[in-house]
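Enquirer: Okay, here's the structure, questions in a sec.
Every number here is computed from the coordinates shown, using simple stated rules; none is lab data. Model, not experiment: these values are computed from the prediction. For neighbour counting, all protein chains shown are included, and Cβ atoms are generated from backbone atoms with ideal geometry for every residue, glycine included.
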Amino acid sequence: KYLERQGCVRIQKSVFLVKTENPHFQQIHDTLLEVNSFYQNEDSIILVPVNASDVRSMKLIGKNVHIEAVVDKPTTMFF
């Protein structure tokens, strides 16, 4: 729920995408680090920065994922 409130889009049960700037990315990291420290478990949380062009080139199979919610559409200009 926290990640969704931060603008993250759920891709799978434990996989999210978000378009954000570095300070917000760091804030999410810090919050998840703090929350995880309250639990005695062996879970891992992995935050992976991915550039927009990599996300645009993803190939999806299965459930429709709305990647456009986290990636600006490329702009084409003709002169």
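Enquirer: In what sequence, highest mean first, do 42-54, 8-20 appear when ranked by Cβ atoms within 10 angstrom?
Expert: Working: 42-54: 8.5, 8-20: 14.0.
Highest mean packing first, the order is 8-20, 42-54.
Enquirer: Still on this structure, I have one more. Residue-wise, which Karplus ³J(HN,Hα) couplings in Hz belong to segment 20-31, taking 6.51 cos²θ - 1.76 cosθ + 1.60, θ = phi - 60°, and x for glycine or proline?
Expert: 7, 8, 4, x, 5, 4, 5, 4, 4, 4, 4, 5
Enquirer: Could you list the chymotrypsin sites (Phe, Trp or Tyr not before Pro) in segment 22-66 that lie in coil according to DSSP, counting only those with at most 12 other Cβ atoms within 10 Å of their Cβ? Intermediate values should be presented prior to the final figure.
Expert: Working: sites: F25, F38, Y39; in loops: F38, Y39.
Sparse-neighbourhood loop chymotrypsin sites (Phe, Trp or Tyr not before Pro): F38, Y39.
Enquirer: Using each residue's phi in segment 12-17, evaluate 6.51 cos²θ - 1.76 cosθ + 1.60 at θ = phi - 60° and report the 3J(HN,Hα) Karplus result to the nearest Hz, with x for Gly and Pro.
Expert: Residue by residue, segment 12-17 yields 9, 3, 10, 10, 10, 10 Hz.
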